[in-house]
1. Probe radius 1.4 Å, ligands and nucleic acids ignored: give me the carbon and sulfur share of the accessible area of the chain as a rounded percent.
2. Per residue, how many Å² of accessible area does the chain show with a 1.4 Å probe?
3. What is the local net charge at Glu13, summed over the other residues whose Cβ is closer than 9 Å to its Cβ (Lys, Arg +1; Asp, Glu -1)?
4. Amide H of Gly20 versus every other amide H placed in the peptide plane: which residues, excluding those fewer than 5 positions away on the same chain, fall under 5 Å?
5. With the Cα gyration tensor of the chain in hand, convert its eigenvalues to equivalent ellipsoid semi-axes via √(5λ) and list them largest first in whole Å.
6. Assuming a strict under-26 Å limit between Cα atoms, what lysine pair count do you get for the chain once near-sequence pairs (fewer than 8 apart, same chain) are dropped?
7. Quick one: 3J(HN,Hα) in Hz for region 22-32, Karplus 6.51/-1.76/1.60 with θ = phi - 60°, rounded, Gly and Pro as x.
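The values are calculated or read from the model by the stated rules, or taken from the named source; none is laboratory data. It should be emphasised that the depicted structure is a prediction, and the values quoted were computed from it without experimental measurement. When we count neighbours, we look across all protein chains shown, and the Cβ atoms used for this are built from the backbone with ideal geometry, even at glycine. Side chains included, ligands, DNA and RNA excluded: accessible areas come from the protein's heavy atoms. Shrake-Rupley method; radii C 1.70, N 1.55, O 1.52, S 1.80 Å.
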Amino acid sequence: METTSTPPGADIELDGNFVGSTPSSVSVSPGEHTVKLIKNGYSPWERKIKITAGNVKVSPELEPIPPTSSK
């Protein structure tokens with residue numbers, strides 16, 4: 001699974017286990033998996049994907065978390 005993100009440097013979790021940081025190529029067995037990308041200052045990105053044959057590309061654009069205003 002080829003995994004990139006905008007911005008790069010997000011942690012990649014596969015089925016709840018840390019497997020690297022973007023950009024990265026991760027070996028994934030066939031079947032259904034949960035992919036989660038986490039980066040400080042950005043909302044987590046999570047999807048369920050089904051791996052069959054061939055290479056899967058995951059390349060989300062992470063959404064910045066808006067700053068909270070303290071009053």
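1. 49
2. Per residue, the chain has 68 Å² of solvent-accessible surface.
3. Spelling it out: positives minus negatives among the neighbours equals -2.
4. Ile12
5. Semi-axes from the Cα gyration tensor: 26, 11, 10 Å.
6. So the count of such lysine pairs works out to 7.
7. 6, x, 7, 10, 10, 6, 10, 6, x, x, 9
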